[in-house]
1. Jot down the per residue volume, in cubic angstrom and as a whole number, of the convex hull over the alpha-carbon atoms of the chain.
2. Which of these, L16, L98, L72, has the largest mean-square fluctuation under a Gaussian network model of the chain (Cα springs below 10 Å)?
3. For the chain, what is the mean residue ellipticity at 222 nm derived from helices alone (per DSSP H run of n ≥ 4: -39500 (n - 2.57); sum divided by total residues; nearest 500 deg cm²/dmol)?
4. Looking at Y68, T9, T50, which one has the Cα that reaches farthest to the positive end of the dipole of the stretch 3-120 (charges on Cβ: Lys, Arg +1; Asp, Glu -1)?
5. Using the Karplus curve 6.51 cos²θ - 1.76 cosθ + 1.60 with θ = phi - 60°, what ³J(HN,Hα) values do you get for each residue of the stretch 98-104, in whole Hz, with x for Gly and Pro?
Amino acid sequence: MSDQNSLYTEKCSQLLDESEIRFAGIVDKDGQLIAGGFKEGLTPHEGDETRLQSFLEFVSKASIRKEYDESLGPINYLAARRDKAVLVSFPFPITQILLLISAEPTANIETLAKKVVEIFTNVK
């Protein structure tokens with residue numbers, strides 16, 4: 001494991017300490033999980049992994065698109081609130097990776113975003 005992946009694993013572990021977060025993972029541009037995963041001891045909802053993969057494909061495409069960056073600024077995060085989960089992705093444009101989070105449906109998306117910024121500040 002590279003030093004960078006070790007850092008990502010450490011940061012994902014910090015996120016998983018948050019009670020509402022079920023999954024925190026770093027995914028590369030090919031859609032492969034390179035760090036993180038489901039919270040230890042947690043049983044994923046049926047189809048969670050498939051849904052995360054589908055969401056990942058969607059956010060990968062959306063995050064790569066740059067047509068509004070000039071007028072509106074780059075994407076900070078993309079979020080989807082579902083009945084059973086909140087899904088949030090944070091693109092890291094320089095390294096072309098994404099942080100993907102799945103949380104309980106009661107999670108406050110803005111609070112999650114602030115926590116991610118706090119934990120991942122200075123990570124490229």
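1. Convex hull volume per residue, Cα atoms: 109 Å³.
2. Residue with maximal mean-square fluctuation among L16, L98, L72: L72.
3. -11500 deg cm²/dmol
4. After comparing all options, I get Y68.
5. Karplus values, whole Hz, x for Gly and Pro: 10, 9, 10, 10, 10, 9, 4.
Bear in mind that the values in this text are calculations on the coordinates, not laboratory data. Keep in mind it's a predicted model, so treat the numbers as computed, not measured. When we count neighbours, we look across all protein chains shown, and the Cβ atoms used for this are built from the backbone with ideal geometry, even at glycine.
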